[in-house]
């Protein structure tokens with residue numbers, strides 16, 4: 001087989017950035033170089049959009065030193081996209097791939113990207129075009145099925161847990177009530193990570209609210225009063241996606257109660273990220289609802305925002321290594337002849353944290369997401385359990401430990 | 001002189017926490033232990049409030065390993081206070097100090113703390129009570145006079161600059177308009193630090209707005225359109241304290257224009273920190289003001305909040321060392337016989353960054369704060385100059401460098 005006859009490969013990145021999505025990209029690049037079985041490796045700029053626009057970067061030209069720097073850089077170095085291709089869009093993808101003699105397509109992203117990979121693979125099959133399509137998991141939300149956890153989560157969890165450690169010391173130095181809003185529209189994995197740095201019961205967060213548990217504004221005020229009465233302060237972790245028992249987002253509930261407006265995106269969904277509204281509403285609601293000896297307490301809210309997914313120089317080393325390995329493993333599976341799949345992390349039994357990487361079916365990863373199990377949340381629905389701490393702690397690669405004088 | 005006859009010392013912390021205020025505390029503790037000339041070293045819990053309440057911690061009992069951990073922990077380990085003592089309050093302070101045979105009082109804080117130190121010293125003088133009062137500078141705002149820069153600023157600058165590096169890569173991956181609100185009610189030092197990580201002119205922040213320059217909402221929209229037209233995205237750093245030419249805070253200007261409410265603190269000041277309101281108002285104002293081909297652009301705002309002053313495990317090593325040294329130097333000055341003063345950092349001439357520590361007069365540090373000089377801000381009032389970068393860069397101890405593929 002002449003060099004020119006070697007099939008080509010395309011890699012793309014999709015969805016919200018993470019601190020390690022470029023580790024997976026570099027994992028793919030390095031593995032492709034190692035195999036020597038692939039002609040050109042093209043990077044699709046801004047995911048599937050780059051494919052249909054034929055907007056590619058020649059990744060073979062990137063030197064090792066730059067690859068190492070890219071791997072350590074947060075956010076998608078190829079550019080990302082929010083496009084969720086339908087069948088017609090996927091037809092165009094297959095057309096371009098065939099025209100470029102691309103036989104390997106690696107797509108790094110969340111459940112939507114897995115679904116795109118699934119559709120592309122099906123269409124190629126139907127057209128009788130041999131294509132190997134691999135999805136490489138990535139999301140700070142940690143809500144993909146099959147895999148034990150998602151590359152990107154460990155670093156985001158490390159950032160959030162660390163932020164709570166420092167903010168808790170801040171709250172202990174200047175006592176009051178502090179609300180921190182964490183990303184997670186549907187699943188509470190990242191919000192739950194706020195609790196990973198607690199050294200004892202006096203440490204914050206003292207309350208943790210996730211979308212999996214219905215949020216009651218009344219119970220919230222009682223929870224805060226109880227904690228404040230005991231500790232003289234209260235640090236609170238809140239998922240942006242908390243909703244009441246009727247599935248109405250709390251941001252909408254509070255907007256109604258407080259008589260405020262909420263921003264909506266072009267799909268009519270309430271805008272949860274990139275706005276401080278939920279935190280501000282919760283703080284205002286709390287100030288209005290705290291009466292008697294709790295009146296006039298100092299209440300503040302921070303919304304951690306995009307820093308959770310993009311802060312540089314603070315990634316979890318465990319997460320970095322796993323994300324890199326997932327990229328390489330996708331290449332390995334594809335070159336070994338597997339037609340399609342998603343790379344999943346499997347946690348091995350034993351006291352020491354160890355994993356291996358396995359192939360999952362695209363249909364088992366696509367579309368539907370994974371909530372936190374009940375066993376990771378306490379009965380009152382306002383904190384996490386030890387089982388969750390045991391699950392998530394190794395993924396952070398370690399957390400800062402506070403020194404205290406009282 | 002018998003051991004019992006050795007005079008005692010008190011150390012306290014005041015104002016908003018920083019990532020290195022405990023370095024200064026540990027600097028004081030270590031220096032006191034080295035001298036052997038002081039009886040007991042008492043830590044005042046929650047600053048001056050701890051003195052008048054006689055709420056002290058015995059710092060002699062803290063072991064070396066815990067001291068090292070405390071030094072690396074953000075926020076005030078002794079607890080902080082927002083109390084700004086008047087003369088009567090300071091009288092009580094001197095009374096308690098005299099009753100406890102305290103001859104050395106070290107107060108770590110900003111300009112208000114320097115003023116407290118000044119008043120306490122004057123009252124002790126009047127009463128004929130020999131007291132050595134030293135202020136140790138601390139503020140992420142970097143707005144103290146005399147000193148070249150303030151302990152606490154370098155670490156906050158490192159955090160903010162790094163956050164902008166990652167967020168800029170995020171904004172390049174999913175292009176749009178991104179506003180980030182930075183702490184700084186009166187001075188723009190920390191907001192300006194957002195620009196420290198730029199590798200070239202395409203990197204954000206593309207616009208930097210500080211309180212020192214009057215902010216025009218109209219010019220803001222034109223600035224954003226110009227940048228977006230050129231780069232296809234725009235990342236913006238905004239000080240929480242920006243105000244218009246008539247000194248009206250922009251948050252109040254926009255609240256009026258958008259018909260929204262703003263929170264006020266117990267003193268009637270508009271609440272700038274611990275709320276996402278300014279960012280949300282700016283984003284809404286921009287969305288409404290962007291017309292024609294700029295209509296429907298993706299606009300998001302994050303407010304970095306308390307993370308800027310309390311994030312752990314990411315302090316500037318330069319800042320850490322200087323903060324520790326400032327604590328030790330205060331003890332050295334006091335023990336050498338100086339009655340009072342503030343420790344100031346003096347930058348030495350030469351290509352390499354080097355400093356020494358000198359004594360400043362309390363009255364020259366107290367009350368009045370220091371704005372950014374004109375030479376650190378560009379003429380258009382929407383960015384910083386190279387002179388500022390040269391000034392601030394060494395204080396961060398180095399920043400993450402992004403790898404890019406396009």
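When restricted to Cα atoms, chain B yields an Rg and a Dmax of 22.7, 83 Å, respectively.
Only helices enter the 222 nm calculation for chain A: every DSSP H run of n ≥ 4 contributes -39,500 (n - 2.57), and dividing by all residues gives -11500 deg cm²/dmol, rounded to 500. Our summary gives region B:308-406 a relative contact order of 26 percent, counting only alpha carbon pairs under 8 angstrom and 6 or more residues apart. Under the criterion of Cα pairs below 8 Å and six or more residues apart, the relative contact order for chain B equals 22 percent.
Volume per residue of the convex hull around the Cα atoms, evaluated for the protein assembly as shown, comes out as 166 Å³. For region B:168-260, the share of alpha carbon pairs falling in successive 5 Å distance bins from zero is 3, 14, 23, 24, 19, 12, 5, 1 percent. Taken over region B:1-101, the ratio of Cα radius of gyration to 2.2 N^0.38 Å equals 1.09. Counting only DSSP beta bridges with both residues in chain B, what percent are antiparallel, rounded to the nearest 5? Counting DSSP beta bridges with both partners in chain B, the antiparallel share is about 25 percent.
Against the main long axis of the alpha-carbon atoms of chain A, helix A:317-335 sits at an angle near 30°.
What separates the Cα centres of region B:123-179 and region A:98-120 is a distance of 47 Å.
Taking a ≥ b ≥ c as the square roots of the Cα gyration tensor eigenvalues, region A:366-406 comes out oblate, since a/c reaches at least 1.5 and a/b does not exceed b/c.
Report the percentage of all Cα-Cα pairs in region A:265-406 whose separation exceeds 23 Å, rounded to a whole percent. Counting pairs separated by more than 23 Å, the tail of P(r) holds 64 percent. Values of log10 I(q)/I(0) for region B:45-170 across q = 0.11, 0.14, 0.18 Å⁻¹ run -0.48, -0.72, -1.06, by the Debye formula with one identical scatterer at each alpha carbon and no solvent.
Look at A:116, B:213 and count the other Cβ atoms within 10 Å of each Cβ; fewest to most, that gives B:213, A:116. For region A:137-182, a/c is not less than 1.5, where a ≥ b ≥ c are the root eigenvalues of the C-alpha gyration tensor, and a/b tops b/c. That puts it in the prolate class. Hydrodynamic radius of region B:189-341 by the Kirkwood approach over all distinct alpha-carbon pairs: 18.3 Å. Ranked by how many other Cβ atoms sit within 10 Å of their own Cβ, fewest first, the residues B:81, A:73 fall in the order B:81, A:73. Expressed as a whole number of Å, what is the distance separating the alpha-carbon centroids of region B:216-263 and region B:1-71? If you average the Cα positions of each part, the centres end up 44 Å apart. Among A:131, B:231, B:25, sorting on how many other beta-carbon atoms sit within 10 Å of each Cβ, with the fewest leading, yields B:231, A:131, B:25.
DSSP finds beta bridges in the protein assembly as shown, and of those with both partners inside it, around 25 percent are antiparallel. With both labels modelled 7 Å from their Cα along Cα-to-Cβ, the residue B:148 to residue B:378 distance reads 2.7 nm.
Could you tell me which of rounded, prolate or oblate describes region A:58-122, using a ≥ b ≥ c as the square roots of the eigenvalues of the alpha-carbon gyration tensor, with rounded for a/c under 1.5 and, failing that, prolate when a/b is larger than b/c and oblate otherwise? Oblate.
Seen against the Cα atoms of chain B and their longest principal axis, helix B:87-99 is set at about 40 degrees. The distance from the alpha carbon centre of region B:305-350 to that of region A:326-363 is 50 Å, rounded to a whole number. Mean partner shielding of peptide A:68-74, defined as the number of other chain Cβ atoms within 10 Å of each residue Cβ, is 5.
Between the Cα long axis of helix B:111-126 and the first principal axis of chain B there is an angle of about 20°, rounded to the nearest 10.
The alpha carbon radius of gyration of region B:123-212, expressed as a multiple of 2.2 N^0.38 Å, is 1.53.
A short reminder: the numbers here are calculations on the coordinates, not readings from a lab. Only a predicted model underlies this, so the values are computations on that prediction, with no experimental measurement involved. In this analysis, Cβ positions are derived from the backbone assuming ideal geometry, glycine residues included, and neighbour counts consider all displayed protein chains.
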